[in-house]
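**Q** Take this structure first; my questions come after.
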Amino acid sequence: MASLIIRRLASALPVLLLVSLISFVLIWLVPGDAAAELAGPSASPEELAHIRTDLGLDQPVWIQALHWYRNLLHGDLGQSLLLGRSVAAAILERLPVTLSLTGFALVITLLFGIGSGTIAALKRNSWIDQAVMMTALVGLSLPDFWLGLVAIYVFSVALGWFPTGGFVAFGDSPVGWLQTTTLPAIALALTQTGLLARMTRSSLLEVLSQDYIRTAWAKGLPGRIVILKHALLNIAVPVLTVLGISIGILFSGAVVIESVFAIPGVGRLIIDAVLRRDLPVIQGGILIIGVFMVTVNIAVDLLYAAFDPRVRHEH
Amino acid sequence: MSTEDILADPAVDAARPRPTQGYPRLRRLLRHRLFMTGAIILVIVLLATLAADLIAPYSPLKNDFRYRLGAPNAVHLMGTDNFGRDVLSRVLYGGRTSLAIGLMVVLASTFFGTLIGVAGGYFSRLDNPVMRLMDALMAFPGVLLAIALAAVLGPSVLDVVIALTVTYAPRTARIVRAAVLVVRRMEYIDAARVAGAGHLRIIWRHVLPNSLGPLIVQMTFIFAVSILAEAVLSFVGVGPPPPTPSWGNIIADGRSYIPSAPWISLFPGLVIAITVLGVNLMGDGLRDVLDPRLKLEGR
C-alpha cells in the first residue's frame, strides 16, 4: 500500500506542474496589451504602469514564469488587483464556506443517489425504477443555477420558508447554517444525484447477475446481508469514479450557486474577480481548485485499492 | 439424427447466423422509444428557432415601456421583461445563439479531440506527453475552466466557443484514444499494414470507423453540456453579449426581477431543460444501440 501511495503521488507531479502552468498561461490569453485590457479604458498611464509592474508584465516571460513558480513554492499566489490583499489569504478565508456548502451537497448526493439507484436496481423495470431513472435524467438536464433561482422564488419569496440569500457559519448558529445552505445544497446536488443514481443502478444490476450473488441467496443469507455486504460493497469502484467526478462538478457548481444565493465563498470571490477582471484572483482561484481536484483524484485511486484487493495487487 | 434433421428444426434454424440486411442499428434506433422521444423534442425546438422569423410574435429587441414586466397573458404568452420586450420572441431567437454555440462546440471539440486522441492512441511516442496535458486540462472542473477562459478572452460568441472547446475537447480525446488503443491491436490492422497501407490510410479507413460509436455518444453529451454551459457563462457575465438574446442571457437578465417577474428567467430555463433532456434521451438511446458497455463518463 505504501509503495502504491508513493507511485500515485509521483504520477500526479507532472499533472500538477501542468495545472499550475495552465493557470500561469491565462495571462497570455488576454487579447492585446494585458495591462491595458485589465485596467480598462479610463486608466491613467501611471495606473497602467502600476498594473504592469504588479503583474510582472514588464519582465521577460521566463522571469515571469520563474517568479510564478518561486512564489507558488512559498504559498504566494500574488496580490489581487482590486482587493488590496494577497490572493491566498482571500481564498483561505472563504474556503470553509465553500467546503461546508459542497460537503452538505455531497452528503445529499450520496444519500439519495446511492439510495434511489439501489431501489431502482432491486425493483428493476417496475414503475419505481422508471420513475427514479426518469427523475435522474431530468435532474441531469436542468441548469443548476436556474434551479436555484426557481427555488428562491418558490421557497423564499412565495412561501417564505428560507432566506433569499446570505450565509451563517455553522459555528455561529447551526440552525442559521441549515437555513442558508439547504436550498443551495439541494440545487447543487440534484444533477449529481441523478448521475450517481444511474451509475449505482447499472453497476448494481451487473453485480446482482453474478454467480456469487445467486450462491448467497441460495445458501439462505438474509436479504440485507446479500445486498449490503455482497452487492453494494462490490460497486464501490464505479461509484467512487463517479464520486470523484461529482466532487469536481459540485465544486464548480458552487462557484455559480454561491452568487445566486449571495454566499460569500470562494466561488463568489472568483465570479466577482471575473466580472472585474481581477486576473490574479482568477488564476489563484482556478489553481487552488485544480490542485484540490488532483488531490481528490489521488484519494479516489487510493480508495479503489482500499476497497478492491485486485487493484492493490495489480502491480 | 442427421445434420439435415437438426438444421430443419425451426428452433435451430431461427438461431442460425444470417447475413445482416439493411441497417439493423438504424432500425433498432428508430424503434427505441426514448431515443425517438428525444429526437422529436429536438426537432421541434430546432424548427421553432429556425422559423423564429415566421412565428415570433414580436421583435426580440423592440422595447415597449408600456408593458414593462408584464405577466404572461394571451398577447405575451411568456410575459415581458424589464424593457417590455416579449419573452417568447426572445426565447425563440435566443435559441439560435444557444444552439449555434452548442453545435460549434460539438464540431470543434470533436475535430480537435479526435485529432489528439488518434495521435495519442496510434502513435505511442506522443501518448504520454499529449495525454498528461489533457489530464491537466481535465483536472479543472469543466464549467470553471470555461469561465476562466471566457473571462480572459472576452465576451463574444466565438470566445465562448473557444473556451468550451478547450474545456471539452480533452474529454473527447480521452474517449477516442481509448477506442483507438483497442482497435490498434486488432489483427486486421496488422493485415492492412502488411498489405502496404500507410498510417493515414489505416487511421482513416480502419481505426476511425471502428471508434465511431463512443464518439457519437460523446457528441450528444457535449451538445447537452455546451447548452448548459452557455447558460452558466451568460449568468456570470462572460457569455454572448446583450442585446442579442441567448437562453443564458435571458435568464441572467431576469435574475434581478425574480421576486416580481419570475417568468423572465423561468421560461428560457424550462426551454433549456426540455432541449437538454431531448439530447440526453437521444444520447442514452445511441448508447444502448451503438455501445452498450459504455458507462456514464466525463463532464
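All of the numbers you see were taken from the coordinates with simple rules; none came from a lab. All of these numbers come straight from a predicted model, not from anything done at the bench. For neighbour counting, all protein chains shown are included, and Cβ atoms are generated from backbone atoms with ideal geometry for every residue, glycine included.
**Q** Roughly how many nanometres apart are two label points built 7 Å out from the Cα toward the Cβ at A:ILE119 and A:PHE170?
**A** According to this spin-label approximation, the distance is 2.6 nm.
**Q** I would also like to ask the following. What are the aspartates and glutamates whose alpha-carbon lies under 19 Å from the alpha-carbon of A:LYS219, with same-chain residues fewer than 8 places away excluded?
**A** Straight-line reach from A:LYS219, under 19 Å: A:ASP211.
**Q** Viscosity 0.890 mPa s, temperature 25 °C: what is the translational diffusion coefficient of segment B:99-185 from Stokes-Einstein with a Kirkwood Rh over Cα pairs, rounded to a whole number of µm²/s? Write out the running numbers ahead of the final one.
**A** Working: Rh = 13.2 Å.
Rounded, D is 186 µm²/s.
**Q** Please check chain A for the longest run free of trypsin sites (Lys or Arg not before Pro) that are loop-located per DSSP (anything but H, G, I, E, B) and have at most 16 other Cβ atoms within 10 Å.
**A** A:220-315
**Q** List the DSSP H helices in chain A whose Cα atoms stretch 24 Å or more along the helix axis and whose mean Kyte-Doolittle hydropathy is at least -0.5.
**A** Values: long enough: A:2-29 (41 Å, 2.08); A:87-122 (49 Å, 1.72); A:174-208 (43 Å, 0.74); A:236-260 (34 Å, 2.06); A:279-307 (42 Å, 1.94).
Both cut-offs are met by A:2-29, A:87-122, A:174-208, A:236-260, A:279-307.
**Q** Give me A:TRP177, A:TRP161, B:TRP247, A:TRP217 ranked fewest to most by other Cβ atoms within 10 Å of their Cβ, as a rough exposure proxy.
**A** Listing A:TRP177, A:TRP161, B:TRP247, A:TRP217 from fewest to most nearby Cβ atoms yields A:TRP161, A:TRP217, A:TRP177, B:TRP247.
**Q** May I pose another question? Any chance you could list P(r) for segment A:151-305, counting all Cα-Cα pairs in 5 angstrom bins from zero, rounded to whole %?
**A** All Cα pairs considered, the percentages come to 2, 8, 12, 13, 14, 14, 12, 9, 7, 5, 3, 1, 0, 0.
**Q** How would segment A:142-203 be classified by its alpha-carbon gyration tensor: rounded, prolate or oblate, with rounded meaning a/c under 1.5 and the a/b versus b/c comparison settling the rest? Could the numbers behind the result be given before it?
**A** Values: a/c = 3.16, a/b = 1.61, b/c = 1.97.
Here segment A:142-203 falls in the oblate category.
**Q** Separation of segment A:184-218 and segment B:35-84 by C-alpha centroid, Å?
**A** Answer, in whole Å: 40.
**Q** Per residue, how big is the convex hull of chain A when only Cα atoms are used? Give it in Å³.
**A** Cα-based convex hull of chain A, divided per residue, equals 181 Å³.
**Q** In vacuum, with every alpha carbon of segment B:31-169 counted as one equal point scatterer, what does the Debye formula give for log10 I(q)/I(0) at q = 0.16 Å⁻¹? Two decimals, please.
**A** -0.98
**Q** Over every pair of different alpha-carbon atoms in chain B, take the mean of 1/r and invert it; report that Kirkwood radius in Å.
**A** Hydrodynamic radius (Kirkwood, Cα only) of chain B equals 21.8 Å.
**Q** Also, quick follow-up: Taking amide hydrogens as modeled 1.01 Å from N in the peptide plane, which residues meet the under 5 Å criterion relative to B:ASN82, leaving out close sequence neighbours?
**A** Excluding prolines and chain starts, which carry no amide H, the hits are B:LEU69.
**Q** I would also like to ask the following. May I ask for the distance between the Cα centers of segment A:68-130 and segment B:128-206, given as a whole number of Å?
**A** Between the Cα centres of segment A:68-130 and segment B:128-206 lies a distance of 27 Å.
**Q** Considering every residue in A:114-121, what mean count of other chain Cβ atoms within 10 Å of its Cβ is obtained?
**A** The shielding value for this peptide is 0.
**Q** Students often check this: by mean Cβ neighbours within 10 Å, which of A:180-192, A:97-109 ranks highest, and how do the rest follow?
**A** With the highest mean Cβ count within 10 Å placed first, the list reads A:180-192, A:97-109.
**Q** Take the Cβ-Cβ distance between B:ARG193 and A:ASP308 as r, set R0 to 41 Å, and report the resulting FRET efficiency rounded to the nearest 0.05.
**A** Efficiency, rounded to the nearest 0.05: 0.60.
**Q** Follow-up. What ranking of A:ILE114, B:ILE216 emerges when the number of other C-beta atoms within 10 Å of each C-beta is taken as an exposure proxy, fewest first?
**A** Starting with the residue having the fewest Cβ neighbours, the order is B:ILE216, A:ILE114.
**Q** OK, next. Run the numbers for A:LEU205 and A:VAL157: contour at 0.36 nm per residue of separation, minus the present Cα-Cα distance, in nm. Before the final figure, lay out each step's value.
**A** On the way: separation 48, 0.36 × 48 = 17.28 nm, distance 4.26 nm.
So the extension gain works out to 13.0 nm.
**Q** Relative to the compact-globule scaling 2.2 N^0.38 Å, provide the ratio for the alpha-carbon radius of gyration of segment A:2-73.
**A** Here the Cα radius of gyration is 1.52 times the empirical estimate.
**Q** How many nm is it between the label spots at B:VAL182 and B:ARG66, if each spot is 7 Å from the Cα in line with the beta carbon?
**A** Here the answer is 6.4 nm between the modelled labels.
**Q** May I pose another question? Please list the non-local residues whose amide H lies under 5 Å from the amide H of A:GLN79, H modeled 1.01 Å from N, same-chain partners needing a gap of 5 or more.
**A** Under 5 Å from the amide H of A:GLN79: A:VAL87.
**Q** In addition: Please list, in order along segment B:164-181, the HN-Hα scalar couplings obtained from phi with the Karplus expression 6.51 cos²θ - 1.76 cosθ + 1.60 (θ = phi - 60°), rounded to whole Hz, x for Gly and Pro.
**A** In residue order, the calculated couplings are 6, 5, 4, 6, 9, 4, x, 5, 4, 4, 5, 5, 5, 4, 4, 5, 5, 4 Hz.
**Q** Per residue of B:232-238, how many C-beta atoms from partner chains lie within 10 Å of its own C-beta, taken as a mean? Let's see the in-between values first.
**A** Values: counts 8, 2, 0, 8, 10, 4, 4.
Other-chain Cβ atoms within 10 Å of each residue's Cβ, averaged: 5.
**Q** Measuring from label point to label point, each 7 Å out along Cα→Cβ, what is the B:ASN73 to B:TRP204 span in nm?
**A** That separation, rounded to one decimal, is 6.3 nm.
**Q** Sticking with this structure for a sec: Using θ = phi - 60° and the Karplus curve 6.51 cos²θ - 1.76 cosθ + 1.60, what whole-Hz ³J(HN,Hα) does each residue of segment B:133-144 get, with Gly and Pro shown as x?
**A** Residue by residue, segment B:133-144 yields 4, 4, 4, 5, 5, 7, 5, 7, x, x, 4, 5 Hz.
**Q** Could you run the Karplus curve 6.51 cos²θ - 1.76 cosθ + 1.60 with θ = phi - 60° over segment B:113-123 and give me ³J(HN,Hα) per residue in whole Hz, x for Gly and Pro?
**A** x, 5, 4, 5, x, 5, 4, x, x, 8, 9
**Q** Projected area of the protein assembly as shown, taken from the Cα convex hull and averaged over every viewing direction, in nm²?
**A** The orientation-averaged projected area of the Cα hull of the protein assembly as shown comes to 36.9 nm².
**Q** Could you work out the helix-only [θ] at 222 nm for the protein assembly as shown, with each DSSP H run of four or more residues adding -39,500 (n - 2.57) and the total divided by the number of residues, to the nearest 500 deg cm²/dmol?
**A** Working: 27 runs with 435 residues, N = 614.
Mean residue ellipticity, 222 nm, calculated: -23500 deg cm²/dmol.
**Q** Once you average over the residues of A:145-155, how many Cβ atoms of partner chains fall within 10 Å of each Cβ?
**A** Counting other chains' Cβ atoms within 10 Å and averaging over A:145-155 gives 5.
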